[in-house]
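Q: Pasting a structure here, questions to come.
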Amino acid sequence: MEQQQTREVNRGHVRCAAVVTGAAGFIGAAVCRELLSRGWRVYAVIRPGSKAERLPHGHGALQLVEGDLMQPAQWETQLETAAAAGERFDSWLQLGWEGVAGSMRNDDSQAANVEATVESVRLAARLGCSSWIGAGSQAEYGQMEGRVDEGAAETPTTAYGRAKLASGRQALEEAALHGLSGYWVRIFSVYGPGDNGSWLIPGLIRQLMAGESPAMTFGEQRWDYLYIDDAAAAFAALAEQSTAARHKQLASEMAYGGANNRVFRKPGRSFYPSHGVYNLGSGESRTIRHIAELVRQAVAARLPRSLPSDNKRVPMIRYGVVPYRDDQVMMMEADIAKLQRETGWSPQTMLTQGVGQTVDAYADVIDRDRGAAVKRAIVTMAYRSNSSHVGAALSVADLLLALYYRILRVDPQQPAAPDRDKLVFSKAHASTALYAVLAERGYLPRNVLDSYSIDGGQLPGHLDRKSAPGIDSSAGSLGHGLSIGVGFALADRLAGRDSRTYVVLGDGECNEGSVWEAALVAASLKLDHLIAVVDCNGWQGFDRTEPLSSIASLGDKWRAFGWEVDEVDGHDSNALVKALDTRSQNGRPRVVLARTVKGHGVDFMADTLEWHYKSPNTAQWKDAIAQLGGEEGKG
């Protein structure tokens with residue numbers, strides 16, 4: 001009920017404004033996003049020159065303020081000018097701190113944060129804020145014995161912890177002097193997408209995704225981990241409730257001619273969250289070993305699949321290799337009852353769910369980077385060989401990446417294993433896409449791509465299965481790939497193998513009569529391990545495909561031939577995987593119609609016919625490489 005009341009502040013005539021320091025950081029950016037989602041205006045203080053990639057650039061309610069946290073005189077004028085122009089600041093969230101990296105935890109420079117923190121309270125008061133909220137740390141408690149509440153002994157063992165403790169005490173005293181509601185939030189361990197890569201969970205993800213075996217302690221430490229969105233919601237809850245209290249108190253004074261906030265109290269709690277220290281965590285500790293195994297399980301779902309006869313090879317974690325530190329914290333568990341009682345906030349994300357979401361987010365970044373690398377290789381092959389079909393290759397690249405990294409049960413070290421899943425690339429004029437993906441997946445050295453379509457080169461313009469490992473079928477003339485795929489699927493069935501066969505075609509290719517002959521045979525034989533994937537980029541030889549066969553009519557045609565049909569965005573990796581991995585429910589072959597953009601990823605090549613035939617000149621190649629995230633002039 002209280003959360004609903006505070007949200008009404010932002011839905012009415014009153015709009016709240018907050019200052020957030022450390023706004024480009026992991027927690028700071030999440031708090032900014034949360035406040036923006038609740039209708040606040042946010043003044044985000046970031047380092048000069050920071051890209052602030054975690055922040056939603058372009059959001060109308062977000063104002064970036066560049067400045068050195070330790071030198072507020074350089075940037076406070078911008079905030080004071082906004083206040084003078086009528087901006088009503090409600091809350092200050094001091095989330096910035098110099099020296100959060102582990103290597104800085106005992107650096108003498110930590111002490112400089114104390115004065116900067118206290119000065120932020122004074123500035124908040126000058127701006128007219130009603131509340132000041134600072135980010136503390138569990139390090140203020142030092143060694144813990146069991147679950148700790150806000151009244152636990154404060155015996156920090158690091159310079160970082162001592163500086164945080166001093167900052168919190170002095171800032172709360174300063175807030176009281178200026179009549180601000182002061183809150184010091186002692187953060188335990190927070191995790192989630194966008195975290196710094198050197199911390200435990202992202203570090204494990206990075207190593208496991210790279211096929212490495214991380215070295216750890218025995219993992220007996222019990223730590224309290226909270227998902228980032230829940231942490232941000234806690235800060236927002238404090239800001240909202242203290243601000244709502246201020247607005248209602250002002251309304252009360254106007255209505256009754258004086259302060260009378262007792263009108264708004266409910267039995268058992270003050271309307272204002274009580275000032276002081278709050279613990280922020282999940283309220284439940286788990287062993288580090290348990291957390292590491294959750295990460296490993298989640299990573300397993302995003303690693304490339306191996307052969308059906310193998311178990312998925314997930315790297316092992318080497319426990320006991322790293323010794324415990326002399327000051328190793330073995331127990332961290334927050335008692336969060338005070339925060340829950342005063343704000344109504346509670347964690348919403350279970351650890352298993354949060355770890356899975358975090359792994360997926362990191363894996364999605366890896367997928368995007370890998371996709372950009374493949375597309376750079378495609379453009380470079382076309383440039384160096386002065387060849388065509390670059391647009392067709394760019395449209396199909398994401399389909400092949402999803403297949404080779406998320407779907408196909410294959411092993412680059414055993415490219416001819418009988419029980420592997422097979423792929424027939426019928427759209428063979430776009431061979432550079434397959435070559436680039438095979439190189440990225442480890443079937444062939446990347447430098448072999450330099451031999452594409454040149455005199456004496458290893459890789460021909462159209463596919464030759466003998467030219468490189470991983471090519472299951474030669475191809476060239478359109479319309480024959482599905483027939484070959486039917487043969488593969490039938491052979492696997494007769495041999496008793498559970499392998500699946502995927503055939504990648506173009507939408508223009510579906511105008512070939514031989515495609516439909518093969519489709520009819522596949523349906524009559526109930527080849528439910530056969531999946532056709534149609535790259536629907538909307539173009540064929542000299543015109544759009546729409547006049548002959550729209551994507552809607554194409555789906556109807558496949559259904560008429562007895563196939564199960566799925567339509568999907570061909571550049572959405574997760575949607576693609578879901579569609580490609582779906583098993584037939586009725587013992588029939590399946591087709592996935594993937595809507596794509598010809599020339600995807602390069603603006604001047606996108607959705608045009610000319611890049612079916614052109615090869616890029618030097619200037620165009622450099623431009624394309626830059627658009628795909630590479631260094632100019634380097635493929």
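The values are calculated or read from the model by the stated rules, or taken from the named source; none is laboratory data. This one's a predicted model, so the numbers in the text were calculated from it and none came from an experiment. Every residue, glycine as well, gets a Cβ built from its backbone with ideal geometry; the counts of neighbours run over all protein chains shown.
Q: If we only count strands (runs of 3 or more DSSP E) wholly inside region 60-166, which ones have 3 or more residues that are assigned by TED's automatic domain parsing to the domain that holds Gln328 and in contact with a helix residue (DSSP H, G or I) (Cβ under 7 Å, 6 or more places away or on another chain)?
A: 91-94, 131-137
Q: Sticking with this one: Restricting to region 551-564, what's the tally of residues that are buried (at least 18 other Cβ atoms within 10 Å of the Cβ) and within 16 Å of Asp535 (Cα to Cα)?
A: Number satisfying all stated conditions: 3.
Q: Considering only residues that are closer than 23 Å to Ala393 by Cα and among the small types (Gly, Ala, Ser), which ones fall in region 556-583?
A: Gly570, Ser573, Ala575, Ala579 - these are the residues of region 556-583 that are closer than 23 Å to Ala393 by Cα and among the small types (Gly, Ala, Ser).
Q: So is Arg500 buried (at least 23 other Cβ atoms within 10 Å of the Cβ) and either assigned by TED's automatic domain parsing to the domain that holds Ala392 or at pLDDT 95 or above (or both) or not?
A: So Arg500 fits the description; yes.
Q: Now a separate question. Name the pairs: first residue in region 351-370 and within 15 Å of Asp230 (Cβ to Cβ), second residue hydroxyl-bearing (Ser, Thr, Tyr) and modelled with pLDDT of 95 or more, Cβ to Cβ under 7 Å, at least 6 apart or on different chains?
A: Hits for this filter: Leu351/Tyr225; Gly354/Tyr191; Gly354/Tyr227; Thr358/Tyr191.
Q: Please count how many residues of region 594-635 are outside any loop (DSSP other than H, G, I, E, B), out of contact with any helix residue (DSSP H, G or I) (no Cβ under 6 Å at 6 or more places or on another chain) and not polar (S, T, N, Q).
A: Summing the residues that are outside any loop (DSSP other than H, G, I, E, B), out of contact with any helix residue (DSSP H, G or I) (no Cβ under 6 Å at 6 or more places or on another chain) and not polar (S, T, N, Q) in region 594-635 gives 6.
Q: If you check Ala518, Ala532, which single one turns out to be in a helix (DSSP H, G or I), in contact (Cβ under 8 Å) with a residue 12 or more places away in the chain and in the same structural domain as Leu576 (by TED's automatic domain parsing)?
A: Just a single option satisfies the conditions, and that option is Ala518.
Q: Out of Val533, Val568, which single residue is crowded, with 24+ Cβ neighbours inside 10 Å and either of a type in the set (A, V, I, L, M, F, W, C) or farther than 30 Å from Asp364 by Cβ (or both)?
A: Val533
Q: Looking only at residues that are surrounded by fewer than 24 Cβ atoms within 10 Å (Cβ to Cβ) and in contact (Cβ under 8 Å) with a residue 60 or more places away in the chain in region 167-179, which one is nearest to the chain's Cα centre (by Cα)?
A: Leu172
Q: Would you be able to tell me the number of residues in region 458-484 that are under 14 Å from Gly513 (Cβ atoms), in a loop (DSSP other than H, G, I, E, B) and touching a residue at least 24 places away in the same chain (Cβ under 8 Å)?
A: Count: 3.
Q: Another one. Could you look through region 457-476, keep only residues that are closer than 24 Å to Leu527 by Cα and among the hydroxyl-bearing types (Ser, Thr, Tyr), and pick out the one that is surrounded by the most Cβ atoms within 10 Å (Cβ to Cβ)?
A: Among them, the one singled out is Ser473.
Q: Can you confirm whether region 350-362 contains a residue that is more than 21 Å from Arg289 (Cβ to Cβ), at pLDDT 95 or above and in contact with a helix residue (DSSP H, G or I) (Cβ under 8 Å, 6 or more places away or on another chain)?
A: The answer is yes; a qualifying residue exists.
Q: Just one of the numbered conditions (1) surrounded by 15 or more Cβ atoms within 10 Å (Cβ to Cβ); (2) of a type outside the set (A, V, I, L, M); (3) assigned to a loop (DSSP other than H, G, I, E, B) is not true of Tyr405; which one?
A: Only one criterion is unmet by Tyr405, namely (3).
This table checks each residue for (1) crowded, with 16+ Cβ neighbours inside 10 Å; (2) within 21 Å of the chain's Cα centre (by Cα).
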| site | (1), (2) |
| --- | --- |
| Tyr160 | yes, no |
| Val190 | yes, yes |
| Pro193 | yes, yes |
| Pro202 | yes, yes |
| Gly211 | no, yes |
| Asp230 | yes, yes |
| Ala234 | yes, no |
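For every residue, the table says whether it meets (1) out of contact with any strand residue (DSSP E or B) (no Cβ under 9 Å at 6 or more places or on another chain); (2) closer than 30 Å to Asp398 by Cα; (3) not assigned by TED's automatic domain parsing to the domain that holds Tyr443.
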site: Arg289; (1), (2), (3): yes, no, yes
site: Gln297; (1), (2), (3): yes, yes, yes
site: Arg302; (1), (2), (3): yes, yes, yes
site: Leu307; (1), (2), (3): yes, yes, yes
site: Val314; (1), (2), (3): yes, yes, yes
site: Arg318; (1), (2), (3): no, no, yes
site: Asp326; (1), (2), (3): yes, no, yes
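Q: To continue, here is another question. Counting just the residues of region 444-456 that are more than 36 Å from the chain's Cα centre (by Cα) and either touching a residue at least 60 places away in the same chain (Cβ under 8 Å) or within 22 Å of Gly508 (Cβ to Cβ) (or both), which one comes out surrounded by the fewest Cβ atoms within 10 Å (Cβ to Cβ)?
A: That would be Ile454.
Q: While we're here: Mind counting the residues in region 298-328 that are part of a helix (DSSP H, G or I) and at pLDDT 95 or above?
A: 2
Q: Among the residues of region 464-497, how many are touching a strand residue (DSSP E or B) at 6+ places or on another chain (Cβ under 7 Å), modelled with pLDDT of 95 or more and aliphatic (A, V, I, L, M)?
A: The qualifying residues number 5.
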